[in-house]
Amino acid sequence: MTNKVMIIDDNGTNVKLMELILQKAGFKTDAILNPKYAFDVIKDSQPCLILLDINMPEINGFQLCKMLKKDNATKDIPIIFVSAMNDTKYIAGGLAMGAIDYITKPIKPEEVVARVSVQLQLAVANKKIRKTNEILQKQITEANLENMDMQQDFIYSLMQIKQGKESQKDYERIRDFYNFITIQLVKESQYSEELDEDFINDAIKKAFS
């Protein structure tokens, strides 16, 4: 993840000042002066963070924020409102729309750099958390599917044995099922570090031999 910050403000002087502050602090910047085209540009460029003015023509900052938060491709991009409107209702309203911070004008360079730095660090951490959750969810889904398949094989093999049609494969399926269930139970127990899979496999083989 890079440190590219998108600045959206219809005032060119404000944009140049913000770019100067951020670039001096080591951030990469991009800017949009016409908010009308901002949504498509953001969706395509995927900046790490957006500094968004509120009072703009055609599409104001609140409207653009709503659009970005409704789209799956842009909803996770952190937004910081930057505005001269410092009334509590505007600040609360901006945060309620999904913005992660609110900077009031006239801006203070040290404050801007500090807030952008913190939010970029949080964005990186949140991205790692989302990725980890996706991996865990995938593993859980795969484990559940594997469990279902093994349960079906287990029942099938029991029926084969009951009907006198069993083969060595049926006994292997039953052993594999017990092995799978035992490993899952051990992983959730206080002895998960002491009882590794090799030990469990060996114990079950002896029990079935």
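Looking at the stretch 88-95, is at least one residue in contact with a Gly (Cβ under 8 Å, 6 or more places away or on another chain), free of Cβ contacts under 8 Å to residues at least 40 places away in the same chain and within 21 Å of Q121 (Cβ to Cβ)?
no
So Q160 clears everything in (1) surrounded by 13 or more Cβ atoms within 10 Å (Cβ to Cβ); (2) part of a loop (DSSP other than H, G, I, E, B) except one condition, right? Which one?
(2)
Among the residues that make up the stretch 72-91, is at least one of them open to solvent by less than 80 Å² (accessible area, probe 1.4 Å), part of a helix (DSSP H, G or I) and not charged (D, E, K, R)?
Scanning the stretch 72-91 turns up at least one residue that is open to solvent by less than 80 Å² (accessible area, probe 1.4 Å), part of a helix (DSSP H, G or I) and not charged (D, E, K, R).
Can you tell me which residue within the stretch 22-37, out of those that are touching a Lys or Arg at 6+ places or on another chain (Cβ under 9 Å) and not in a loop (DSSP other than H, G, I, E, B), is surrounded by the most Cβ atoms within 10 Å (Cβ to Cβ)?
Checking each candidate, the answer is L22.
Restricting to the stretch 96-111, what's the tally of residues that are assigned to a helix (DSSP H, G or I) and either surrounded by 14 or more Cβ atoms within 10 Å (Cβ to Cβ) or in contact with a helix residue (DSSP H, G or I) (Cβ under 6 Å, 6 or more places away or on another chain) (or both)?
Residues that pass the stated criteria total 1.
If a residue must be farther than 17 Å from M56 by Cα and either touching a residue at least 12 places away in the same chain (Cβ under 8 Å) or among the β-branched types (V, I, T) (or both), how many such residues does the stretch 100-124 contain?
Summing the residues that are farther than 17 Å from M56 by Cα and either touching a residue at least 12 places away in the same chain (Cβ under 8 Å) or among the β-branched types (V, I, T) (or both) in the stretch 100-124 gives 15.
Which of the following residues is in contact (Cβ under 8 Å) with a residue 60 or more places away in the chain and open to solvent by 100 Å² or more (accessible area, probe 1.4 Å): K127, K165, K138?
K127
Mind checking which pairs have a first residue in the stretch 31-60 that is farther than 15 Å from F81 by Cβ and touching a residue at least 60 places away in the same chain (Cβ under 8 Å) and a second that is among the polar types (S, T, N, Q) and in a loop (DSSP other than H, G, I, E, B), Cβ under 7 Å, 6 or more apart or different chains?
C48/T2; C48/N3
Answer with yes or no whether V118 is surrounded by 13 or more Cβ atoms within 10 Å (Cβ to Cβ), at negative phi and not in a loop (DSSP other than H, G, I, E, B).
It is false that V118 is surrounded by 13 or more Cβ atoms within 10 Å (Cβ to Cβ), at negative phi and not in a loop (DSSP other than H, G, I, E, B).
Only one of these is among the hydrophobic types (A, V, I, L, M, F, W, C), touching a Pro at 6+ places or on another chain (Cβ under 8 Å) and modelled with pLDDT of 90 or more: I91, I100. Name it.
Residue meeting the stated conditions: I100.
Answer yes or no: is there a residue in the stretch 5-21 that is surrounded by 14 or more Cβ atoms within 10 Å (Cβ to Cβ) and closer than 25 Å to K131 by Cα.
yes
The values are calculated or read from the model by the stated rules, or taken from the named source; none is laboratory data. In this text the structure is predicted, and so the values were computed from the model without any measurement. Methodologically, a virtual Cβ is constructed for each residue, glycine included, from the backbone with ideal geometry; neighbour enumeration extends over all protein chains shown. For accessibility, only protein heavy atoms count, side chains too; no ligands or nucleic acids. Shrake-Rupley method; radii C 1.70, N 1.55, O 1.52, S 1.80 Å.
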